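Report on the following structure.
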Amino acid sequence: MFVDREKFGGEITSQERREEAQPDARVLGHVVHCDGARATIAAFADGDEGTLAGLWTVGRMISINLGVTRTVGLVYAIGRPDRVWDENGRNPIEVSVELVGEVRDGAAGAVPVFDRGITVYPHIGAIAHRIRTRDLQAVYDLAGRQSVTIGSLSQDESISACIAIEDTLARHFAVVGTTGVGKSTAVSLLLRKTIEAQPDLRVLILDPHNEFSAALPDHSVKVDTATLDLPFWLFRLEEFAEVLFRGREIEPDEIDVLRDIIPQAKNLYRNPHSGTFLRRGADSLTADTPVPYRMADLIKQLDERMGLLESKNDRPVYRSLKTRIESAIADPRYRFMFNSRLIEDTIHQTIGNIFRIPHGGRPITCFEMAGLPSEVVNSVCSVLARLAFDLALWSEGKLRLLVLCEEAHRYMPADARLGFAPTRHALSRIAKEGRKYGCYLGVVTQRPGELDPTILSQCSTVFAMRLANDQDQKIIRSAIADSSASTLSFLSSMGQREAIAFGEGVATTMRLKFEKIPTSLIPGSSKRQAAQTSGDGSDVDLAGIVERLRNVPRPQQAVGFAEVTDGQRQAGDPGYRRPVEPAAPIPEDLDVSFGLKPTTFGRSRSD
Ligand SMILES: Nc1ncnc2c1ncn2[C@@H]1O[C@H](COP(=O)(O)OP(=O)(O)O)[C@@H](O)[C@H]1O
Ligand SMILES: [Mg+2]
């Protein structure tokens, strides 16, 4: 086994040396009962020096000396059987421990080795004592896996809490806990450490409260709808429909029309002289194929059909679809979709910008969604999650991506009727298959009970912070496969920054305290500071708020969309332009143009 000498360099502490000299000092109690998984220890609450009481606390590891091995136990209950307190005499107590595994001394001088599972069960009368620091380190040793330190053990702050970063990432992770316990802060800490350890990783944060970019100032870029550039033709039909219908009930007739005319518009863009003739065959275009088309062509198709129609009955479908498309194009909130300039040249850069290729030292993208209409959030998240997966897939291992979902129960609710199906589909695809291709999922939620259980079950490492709700606690408890389930009875009482980490990323279920983060780097802290003002409201910028409500940065910029529909102008060439920063060059060995190959990217919905 790989042994980190540094880490165990502390050797034996002076207290342990003292205790070694007089072994009785370490004795805390004696085993009086043991079944396969648990043991009960009889002890006294008040030791000779009055110091023992603190050592018997729920959540602590203790050790039972069996000569060759030391059994490690976790205290999960403690009490006086008769529940009375004797002020004068000694107070006998019963301590219930769960057997976690055993520590064995290595060869002379070598560090102790921990194994889960018990080979020698404690006998009645076996001596229980405080666990040695070195034994505790052995319990959480990651056996040579690449590790990052994220805090310290709750039991012993001198021991750092380490996680195996590769396993945590590649097998997906979740952070759960009530609002305000420090999930977002923990995530920003995890991300900072992860980027340090794996500088080639890209991270996309779906950030519903716009709080991460200020928390990761040196590592992240932020994207909001003002800087987002996601052309409408990258959207699949159902994503486009979500935008058109604004999250309301979808009219199947209108979708059928769209499914029909979008491929024709694409065809027209490709071969301007082909008319509406559609080739059927291997390279035929579907409404989902991510190749460019012009809105003007789409509208022209609609107009033509309306003109062709003899029967008045069918016209309302076309007319209402046309109105829907036109009002979406005119809506300033959808500028990011319809604003792109000439399309084909910039799409590589668009993808490169969002997914940080190359990352230029800032591998994290915070997609800021506060204030966006939900249908935009739905469809954009779907497009981005889909792109993330395909990017990892088609880069053949050159790109590794982490998609981090804050408030994940919004995108992947347990109730299948809620949420937006394509987003759920794209994210669960990452959860189920992403690992093979280097696309990972990080899930953050305060309501694990409302999260799709299949997603949670794909998260092999879970950081459970304080959870008040019974239902939520139950779900986390059932997610823990090993015997440490009783550890989770502490879930409702854990302190700020504290978490129980379990799963692939840690050696043994670990109660830890995340590192303290400077106030300026706590997600959302800048906003909270800004909010501390005079109090009577005189400094509230109402004009600015109204401008935001209208979603029009400067009034003169919002004109010019009406012309789009007259067929003269290209839809991709709107009345105003906002400056687009020149994108950094893309490394030559990386093919991000995959998006334009219909054979690899634009498969039909059924795949
Ligand atoms: N690691 C930490 N270091 C310092 N303060 C923290 C830490 N974690 C949480 N806090 C405190 O707790 C507050 C809430 O944390 P936050 O991450 O926003 O919780 P959540 O995302 O779970 O709602 C923070 O504003 C901060 O004051
Ligand atoms: Mg939060």
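Laboratory data are not the source of any read-out in this text; all were calculated from the coordinates shown. Everything quoted here is computed from the prediction, not taken from an experiment. Cβ sites come from the backbone with ideal geometry, for glycine too, and all protein chains shown count toward neighbours.
Odds and ends about this structure:
- Electrostatic dipole magnitude of the range 156-256 [Cβ: Lys, Arg +1; Asp, Glu -1; Cα centre; debye, to 20]: 440
- Loop-resident trypsin sites (Lys or Arg not before Pro) (DSSP state other than H, G, I, E or B) in the range 75-115 with no more than 16 further Cβ atoms inside 10 Å of their Cβ: R83, R90.
- Highest mean first, the peptides 203-211, 331-339, 394-402 sorted by other C-beta atoms within 10 Å per residue fall in the order 203-211, 331-339, 394-402.
- Stretching K527 away from N65 to a fully extended chain increases their span by 161.0 nm, per 0.36 nm per residue minus the current alpha-carbon distance.
- Restricting the chymotrypsin sites (Phe, Trp or Tyr not before Pro) of the range 78-153 to loop positions (DSSP other than H, G, I, E, B) with no more than 15 neighbouring Cβ atoms within 10 Å leaves W85.
- Shape box of the range 340-418 [Cα atoms, principal axes, largest first, Å]: 38, 31, 23
- About the Cα centre, charge dipole magnitude for the range 104-218 (Lys/Arg +1, Asp/Glu -1 at Cβ), debye: 280
- Inter-centroid distance (Cα atoms) of the range 191-219 relative to the range 131-187, Å: 19
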